[in-house]
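A.B. asks: One structure coming up, written as structure tokens, with questions to follow.
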Amino acid sequence: MPRGVFITLEGGEGAGKTTLARRLAEALALAGQPVLRTREPGGAPGAEALRALLLSGDVAWDPVAEAMLMFAARREHVAKTIEPALAAGAWVICDRFADSTLAYQCHGHGLDPAVWHGLYDVALPGFEPDLTLVLDLPAEAGMARAVARGAPDRFERLGPEFHARVREAFRRIAEADPRRCALLDALLPPEPLYAEAAKVLRSRLGAPL
Ligand code: TYD
């Protein structure tokens, strides 16, 4: 049984990650490829419990504690859901992963990136996505889309400068690791964006798309 492939989708609010993840998963399944679509924070029972604490709880987390919880959820997700699926030969498509913690907690909220590196080494030694699609969108366009679909006001409360920092962080992550990452123009409508993503999956991973 050949090992599966781990693909992550990253980007700011309203970039269209969820729509693209769904579209890619459908197309792979149609081509006869076993596929698992998942998302973070969450994706395993313990990680979903942490998601509830992180996203809807009323605790104002200490920044290091928050990052530790993100990585605790991530390790649980990898151990209980992602690794078993990869071992069974599935292609795993994950909406957000470790790059989101670097972009949001570090570049957005000011946590020292050294903390991110330390937590990564403890939680996921030697583990990384085979491919990361970074959906790039001007922060204002992303916010407008998020507001139009009735996103919770925590997004708006963070303010435009926060979202601009997050966008810049994702662009820099893609630039720093072009072997793993591909930067896609998320201003494209869903179908052309899917076509661009499918091209990357074909050329880099030999996807049957
Ligand atoms: P979600 O409702 O899933 O939104 P989205 O469609 O934008 O992914 O909420 C996830 C939120 O959690 C989003 O605002 C980004 C944030 N987040 C972090 O701050 N750090 C992380 O490591 C992850 C995975 C998500």
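The values are calculated or read from the model by the stated rules, or taken from the named source; none is laboratory data. Keep in mind the model is a prediction, meaning the values are calculated, not measured. Glycine also receives a Cβ, built like all others from the backbone with ideal geometry; neighbour counts cover every protein chain displayed. Calculation scope for accessible area: heavy atoms of the full protein, side chains included, ligands and nucleic acids excluded. Shrake-Rupley method; radii C 1.70, N 1.55, O 1.52, S 1.80 Å.
A.B. asks: Would you kindly compute the Cα radius of gyration of the range 63-150 and its largest Cα-Cα separation (Dmax), both in Å?
C.D. replies: 14.8, 41
A.B. asks: Another question, if that's okay. If I histogram all Cα-Cα distances within the range 99-209 using bins 5 Å wide from 0, what percent of pairs lands in each bin?
C.D. replies: Whole-percent P(r) values from 0 Å outward: 2, 11, 17, 20, 19, 15, 12, 4, 0.
A.B. asks: Where does the chain land at 222 nm, in deg cm²/dmol rounded to the nearest 500, when only DSSP H runs of n ≥ 4 count, each adding -39500 (n - 2.57), divided by all residues?
C.D. replies: -14500 deg cm²/dmol
A.B. asks: May I pose another question? Please give the contour-minus-distance gain from Glu168 to Ala65: 0.36 nm per residue of separation, less the Cα-Cα distance, rounded to one decimal in nm.
C.D. replies: This chain segment gains 34.7 nm when fully extended.
A.B. asks: Which of Leu28, Leu158, Leu135 ends up with the largest GNM mean-square fluctuation for the chain, with Cα atoms connected below 10 Å?
C.D. replies: The residue that fluctuates most here is Leu158.
A.B. asks: Of the options Gly108, Gly126, Val92, report the single residue whose Cα projects farthest towards the positive end of the charge dipole of the chain (beta-carbon charges: Lys, Arg +1; Asp, Glu -1).
C.D. replies: Result: Val92.
A.B. asks: Which residue fluctuates most in the GNM of the chain (Cα springs below 10 Å): Asp62, Asp95, Asp121?
C.D. replies: Fluctuation is largest for Asp62.
A.B. asks: Also, I was wondering about something else. Given springs between every Cα pair under 10 Å in a Gaussian network model of the chain, which of Gly110, Gly11, Gly150 has the largest fluctuation?
C.D. replies: Top of the fluctuation ranking is Gly150.
A.B. asks: Right, another one. Carbon and sulfur atoms: what percent of the 1.4 Å accessible area of the range 6-205 do they account for?
C.D. replies: For the range 6-205, the apolar C and S fraction of the accessible surface comes to 57 percent.
A.B. asks: So what's the projected area for the range 27-68, the Cα convex hull averaged over all directions, in nm²?
C.D. replies: Mean shadow area of the hull around the Cα atoms is 4.1 nm².
A.B. asks: Give me the extension gain from Asp112 to Thr19: residue separation times 0.36 nm, minus the current Cα-Cα distance, reported in nm with one decimal.
C.D. replies: Extending this stretch completely gives an extra 30.3 nm.
A.B. asks: Consider a paramagnetic label point 7 Å from the Cα of Val147 along Cα→Cβ; state which residues of the range 1-40 have an amide N under 20 Å from it.
C.D. replies: Under cut-off, by backbone N: 12-17.
A.B. asks: Okay, next question. Once the Cα gyration tensor of the range 6-205 is diagonalised, what are the square roots of 5 times its eigenvalues, in whole Å and ordered largest first, as equivalent ellipsoid semi-axes?
C.D. replies: 24, 21, 16
A.B. asks: Over the chain, what is the relative contact order in whole percent, taking alpha-carbon pairs under 8 Å and six or more residues apart?
C.D. replies: 32
A.B. asks: While we're on this one: With label points built 7 Å along Cα→Cβ from the Cα atoms of Glu128 and Ala49, find their separation and express it in nm.
C.D. replies: Placing both labels 7 Å beyond Cα along the Cβ direction yields 3.2 nm.
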